[in-house]
Structures are given as C-alpha cells and as structure tokens.
Amino acid sequence: MTIAIKFIPVLKSEAAKSFEDRICGNTAKKSTVDFSKQAHVASKILAKAKL
C-alpha cells in the first residue's frame, strides 16, 4: 500500500506579501521582552535555598 502525497499549499501574490510582512513584524517584536525582574527574583530564591 502506498500513502498519497498531500498537497502543500503555496501562498501567492497579496497573501504571500501579507504573510511575509507579518513575519517581519513579529520577528522584530520578539526581542522586546525583558525578563530582568524574573531573573532577579529567581536568583534571590536560589540564594535563599543555597543552590
């Protein structure tokens, strides 16, 4: 028995441009999260636990 090859959808024209713009926007926002407060709290907890 063989398994049918599934069709892979391809974005074209405006849909592709819109998708690419959204990817670029999300990639730019990715590095804006600041975890310094959480890292400070975690280090205090670990220091108190003597780990």
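The values are calculated or read from the model by the stated rules, or taken from the named source; none is laboratory data. Computed from a prediction, not measured in an experiment: that's the story for all the values here. Heads up, the Cβs are rebuilt from the backbone with ideal geometry, glycines too, and the neighbour counts pull from every protein chain shown. Ligands, DNA and RNA are stripped out before the accessible areas are found, and what is left, the full protein with its side chains, is counted by its heavy atoms. Shrake-Rupley method; radii C 1.70, N 1.55, O 1.52, S 1.80 Å.
Overview of results
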{"item": "Residues (modelled with pLDDT under 90 and either open to solvent by less than 100 Å² (accessible area, probe 1.4 Å) or in contact with a strand residue (DSSP E or B) (Cβ under 7 Å, 6 or more places away or on another chain) (or both)) located in segment 11-30", "result": "LEU11, GLY25, ASN26, THR27, ALA28"}
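Rundown of residues vs (1) under 15 Å from the mean Cα position of the chain (by Cα); (2) in contact (Cβ under 8 Å) with a residue 12 or more places away in the chain; (3) assigned to a helix (DSSP H, G or I), yes/no style:
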residue: THR2; (1), (2), (3): no, no, no
residue: ILE5; (1), (2), (3): no, no, no
residue: ILE8; (1), (2), (3): no, no, no
residue: LYS17; (1), (2), (3): no, no, yes
residue: ASP21; (1), (2), (3): no, no, yes
residue: ASN26; (1), (2), (3): yes, no, yes
residue: GLN38; (1), (2), (3): no, no, yes
residue: VAL41; (1), (2), (3): no, no, yes
residue: LYS44; (1), (2), (3): no, no, yes
